[in-house]
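These notes concern the structure reproduced below.
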Amino acid sequence: MNLQYALLNDTSWQSRADWQLPDTPFMSFAFWQALIDTGAIGERAGWLPIFILVYRTDGAESEALDDPTTTTTAPVDISQPVAVMPVFVKDHHRGEFVFDHAWAQAYAHYGIDYYPRLVTSSPYTPITGQRLWLAAGETLNADIVKTAIAGVDDIAQQVGASGWHGLFVTPELAKLATSSMPANNMVDPAQVTNTEIVELTANNPILERQGCQFLWQNEDLLQDGKPFADFDAFLMTLTAKKRKNIRAERRKVAAQEIYCVRKCGDEITDADWKAFYHCYVMTYAVRGQQPYLKEAFFMALAKDMPEYLFLAQAYDSNDKIIASSLFLYDKPHSENATLYGRYWGALGEYDSLHFELCYYQGIEFAIEQGLKNFDPGTQGEHKLIRGFIPTKTHSLHRIYDPRFVPAIADFCTKDRLQMTRYRQQAHDALPFNIDNMPKFIDHDE
């Protein structure tokens, strides 16, 4: 397959082909356009986007664009797009949820710049999913990944980046990338001089880290793995103690004269959005921070992709909204349709309300809609005891200074082993009764 790449700094490539629907709402063009239009990504936000367009040449010789930071018409024929991978030039770690601060400190210790760095992710979104948009009829393969990585290397050389980080990638992409640039490519750092560093970067491996998130699965093992009929059917799969604890938490919410309402898409009014954003801002205000996302971002989602939105609201006895939780979700009949818990906030402290609005309302909604999974967001072992199953996540890392590669590779290897043990221990702590305990599966299917 004859593939080349071009580097673009705008989204004009979207009109060059018919594109496959992404596997999550967070890679939809509407979601990204909302981020761009409201300044959540861009140079001022510290998320400077560059798009690597992989295209087929049919044997024609061509070169990538020279300057990734300016809009220009491509001097090559890119009439046959195959895939596009976004890359951000960043000088910080905010909004990523895979942490490499220790690596930055190691660079600083030796007086070497760690910034800028390159990141491929869905910004502010710790959700596993595709990281390349594919043209209709295309399938992700090693050639596409290699070409995209060549584009990453080009950007890194031009901006002087220390490395590239692909966050919350699919197992498929992780396998293709690490096998394309395996760890046995490492060179002996003792044999490297400063003048050789740039020439050696093409041989540096892509390293993999693994993490853990907690995923609820709509699978009633008492009913041959069929979806749950209702919330009580889910509770019956838990041990008596855990079942009792969850019911007690829900009664505590009701005892505070709080009731919950669920709305989807166009049912959510402008007043609901304003109330939601007020709650969302409070989540950051209590920590003395400004929110990543503006009210206009959420209004753009409401306008352009309402069919993916679900809002859970909590009202007090005066019918005032006191807390809100916003979810996005896949089309119910799509493969592995998932509910994604994303944005939450409350106007005060209320006993057990976070669990009710962010977890139990989400579980009920997933059951009602026939969704297969519920991903409530990153971190939080408190999810474990409420029936959320530990699940492996993947991130990719390409370090350009070969003097640091062996140490970071060793860290990644040990970290993967530690995370495997952690997932096993977390699985053993699941609250299901013996007839409903899922098997521990740590390999990627």
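The values are calculated or read from the model by the stated rules, or taken from the named source; none is laboratory data. No experiment lies behind these values; they were computed from the predicted model shown. Cβ: placed from backbone, ideal geometry, glycine included. Neighbour counts: every protein chain shown.
Some notes on this structure:
- Checking LEU339, LEU347 one by one, the residue that is over 21 Å from PHE214 (Cα atoms) and either crowded, with 20+ Cβ neighbours inside 10 Å or in contact with a helix residue (DSSP H, G or I) (Cβ under 9 Å, 6 or more places away or on another chain) (or both) is LEU347 and no other.
- Note on segment 266-290: residues that are surrounded by fewer than 18 Cβ atoms within 10 Å (Cβ to Cβ), under 22 Å from PRO25 (Cβ atoms) and under 22 Å from the mean Cα position of the chain (by Cα) amount to 1.
- Any hit, segment 281-290, residues being touching a residue at least 40 places away in the same chain (Cβ under 8 Å), part of a helix (DSSP H, G or I), among the hydrophobic types (A, V, I, L, M, F, W, C) and closer than 30 Å to GLY42 by Cα: yes
- Some residue of segment 325-337 being touching a residue at least 60 places away in the same chain (Cβ under 8 Å) and either touching a Gly at 6+ places or on another chain (Cβ under 7 Å) or part of a helix (DSSP H, G or I) (or both): no
- Residues being out of contact with any strand residue (DSSP E or B) (no Cβ under 6 Å at 6 or more places or on another chain) and either of a type in the set (Asp, Glu) or within 24 Å of VAL98 (Cβ to Cβ) (or both) - total across segment 355-377: 4
- Check on ALA271, out of contact with any Pro (no Cβ under 7 Å at 6 or more places or on another chain), aliphatic (A, V, I, L, M) and without any contact (Cβ under 8 Å) to a residue 40 or more places away in the chain: yes
- Only one entry in VAL159, VAL198 is farther than 21 Å from PHE26 by Cβ, over 19 Å from the mean Cα position of the chain (by Cα), modelled with pLDDT of 95 or more and aliphatic (A, V, I, L, M), namely VAL159.
- Index of the failed condition, LEU357 passing every other in (1) surrounded by fewer than 16 Cβ atoms within 10 Å (Cβ to Cβ); (2) touching a residue at least 60 places away in the same chain (Cβ under 8 Å): (1)
- If you filter segment 201-229 down to residues that are exposed (fewer than 15 other Cβ atoms within 10 Å of the Cβ), over 22 Å from ILE155 (Cβ atoms) and of a type outside the set (Lys, Arg), you find that the one that is modelled with the highest pLDDT is ALA229.
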